[in-house]
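Inspection log for the structure reproduced underneath, given as structure tokens.
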Amino acid sequence: MSMKTNASILVVEDDQALNDAYQAILSSVGYDVVTAFNGQEALDELRDMKSPDVILLDLRMPVLDGVGFLREYRPKEHPETTVVVFSNYDSHKDIDEAYELGVDRYVLKARAAPKDLLHLIDGILTEKHATSKK
């Protein structure tokens, strides 16, 4: 399972163990991974990097939560980036707002094993690659 491109992924997750695990899993198959522990750190990282292919976003975080990040980042202005909310928080109000703000997918963290995460990201990137060739 390896992508031909060196796709970049921004992981925004406040749980240190999960943040480390996602980085390890995604890096192990060759993705270029940048991590942030809250929405503000993510915005700071985005100022210094070209748009990532995928942003993996938790909703419940200190400083600036996922919805706050989305309001600032405005995914619709960054069509080249796929935003995936990866959270155990299942407030319909926040999920609805996340979709309205331009999130592409919502994945319940508790239901996704590490291999599911890789499968999800690979699927997104394969889809993007196919679309960009048209």
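The values are calculated or read from the model by the stated rules, or taken from the named source; none is laboratory data. As the structure is a prediction and not an experimental result, all values here were calculated from the model. Note that each Cβ is placed from the backbone with ideal geometry, even for glycine, and that neighbours are counted across all protein chains shown.
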I want to confirm something. Restricting to region 13-41 and keeping residues that are of a type in the set (Gly, Ala, Ser) and closer than 21 Å to Asp104 by Cβ, which single residue is surrounded by the most Cβ atoms within 10 Å (Cβ to Cβ)? Gly39
Of the numbered conditions (1) within 19 Å of Leu108 (Cβ to Cβ); (2) more than 13 Å from the chain's Cα centre (by Cα); (3) at pLDDT 95 or above, Ile55 fails exactly one; give the number of that condition. (2)
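Table: residues versus (1) in contact with a helix residue (DSSP H, G or I) (Cβ under 8 Å, 6 or more places away or on another chain); (2) without any contact (Cβ under 8 Å) to a residue 60 or more places away in the chain; (3) part of a strand (DSSP E or B).
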{"position": "Met61", "(1), (2), (3)": "yes, yes, no"}
{"position": "Glu72", "(1), (2), (3)": "yes, yes, no"}
{"position": "Lys76", "(1), (2), (3)": "no, yes, no"}
{"position": "Val84", "(1), (2), (3)": "yes, yes, yes"}
{"position": "Ala110", "(1), (2), (3)": "no, yes, no"}
{"position": "Leu118", "(1), (2), (3)": "yes, no, no"}
{"position": "Ile121", "(1), (2), (3)": "yes, no, no"}
{"position": "Glu127", "(1), (2), (3)": "no, yes, no"}
{"position": "Ala130", "(1), (2), (3)": "no, yes, no"}
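Hey, among Asp122, Asp90, Asp44, Asp116, which residue is surrounded by 15 or more Cβ atoms within 10 Å (Cβ to Cβ) and either in contact with a Pro (Cβ under 8 Å, 6 or more places away or on another chain) or among the charged types (D, E, K, R) (or both)?
Values: Asp90 fails: surrounded by 15 or more Cβ atoms within 10 Å (Cβ to Cβ); Asp44 fails: surrounded by 15 or more Cβ atoms within 10 Å (Cβ to Cβ); Asp116 fails: surrounded by 15 or more Cβ atoms within 10 Å (Cβ to Cβ).
Answer to the check: Asp122.
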Filter region 90-108 down to residues that are part of a helix (DSSP H, G or I) and farther than 17 Å from Pro75 by Cα and give me whichever is modelled with the lowest pLDDT. His92
Subset of region 6-42 [in contact with an Asp or Glu (Cβ under 8 Å, 6 or more places away or on another chain) and not aliphatic (A, V, I, L, M)]: Asn6, Ser8, Glu13, Asp14, Asp15, Asn19, Tyr22, Thr35, Phe37, Asn38, Gly39
Condition first: under 22 Å from Leu59 (Cβ atoms) and among the charged types (D, E, K, R). Can you find one or more residues in region 116-126 that meet it? yes
